[in-house]
Amino acid sequence: MTNENERGYAIAHLEDVEVGPDILEYMSRIESTFAPFGGDWLVHGTLPQVLEGPVPGNIVIIEFPSPDAAHRWYASPAYQEIVGLRVAHSRSTLAVLTGVKPGYRAETTVAALRAAAAESSG
């Protein structure tokens with residue numbers, strides 16, 4: 001169950017994009033598919049400035065009010081109508097991530113992992 005303060009992020013990694021009429025149509029239409037779900041561009045087609053490890057290709061990040069909104073966008077008839085335009089002309093991965101709550105600190109996760117480890121070993 002997600003908290004109302006948890007943002008959702010659709011993250012896409014695209015490689016070998018064949019820029020042509022289908023990809024241009026996809027790009028022209030995608031905003032109208034995510035706007036009704038509160039989606040907003042954070043990163044669009046940026047080549048990463050890689051500091052560690054390989055990240056070939058382009059990155060796209062769309063922020064949504066919640067992970068559920070991101071899932072509803074992806075499943076929407078409007079997006080499903082155009083997703084094939086991207087899939088047919090690129091190698092790509094698309095995932096939805098749940099953002100952390102405001103004020104999140106890594107120690108919260110560390111404490112939960114330590115408690116789980118102690119429970120499984122004891």
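Observations, loosely collected:
- Over the residues of the chain, the helix contribution to mean residue ellipticity at 222 nm works out to -13000 deg cm²/dmol, using -39500 (n - 2.57) for each DSSP H run of at least 4.
- Exposure here means at most 10 other Cβ atoms within 10 Å; with GluC sites (Glu not before Pro) in a DSSP loop as sites, the longest stretch of the chain lacking them is 53-122.
- Karplus-based coupling profile of segment 13-29, in residue order and whole Hz: 10, 10, 10, 6, 6, 8, 6, x, x, 5, 5, 5, 5, 4, 4, 5, 9, with θ = phi - 60° in 6.51 cos²θ - 1.76 cosθ + 1.60 and x standing for Gly or Pro.
- Size descriptor for the chain, Kirkwood hydrodynamic radius: 16.3 Å (Cα pairs only, one decimal).
- Per residue, the accessible area of the chain comes to 65 Å² when a 1.4 Å probe rolls over the protein heavy atoms.
- Percent accessible area from carbon and sulfur atoms, the chain, protein chains only, probe 1.4 Å: 57 percent
- Multiplying the residue separation of A118 and A88 by 0.36 nm and subtracting their alpha-carbon distance yields 6.0 nm.
- Measure of compaction for segment 25-72 (Cα Rg per 2.2 N^0.38 Å): 1.34
- Centre separation in Å (Cα based) which lies between segment 1-68 and segment 73-90: 12 Å
- Tilt relative to the chain, helix 77-87 - C-alpha long axis, 0 to 90 degrees, to 10: 80 degrees
- Folded to 0 to 90 degrees: helix 106-121 orientation relative to the chain principal axis, Cα: 60 degrees
- Computed extension length for T98-E52: 14.2 nm, one decimal, from 0.36 nm per residue of separation with the Cα-Cα distance subtracted.
- Largest GNM mean-square fluctuation among R105, R29, R86, using the chain with Cα springs under 10 Å: R105.
The values are calculated or read from the model by the stated rules, or taken from the named source; none is laboratory data. In this text the structure is predicted, and so the values were computed from the model without any measurement. FYI the Cβ positions are ideal-geometry reconstructions off the backbone, even for glycines, and counts take in every protein chain you see. The accessibility values were calculated without ligands, DNA or RNA, using every heavy atom of the protein model including side chains. Shrake-Rupley method; radii C 1.70, N 1.55, O 1.52, S 1.80 Å.
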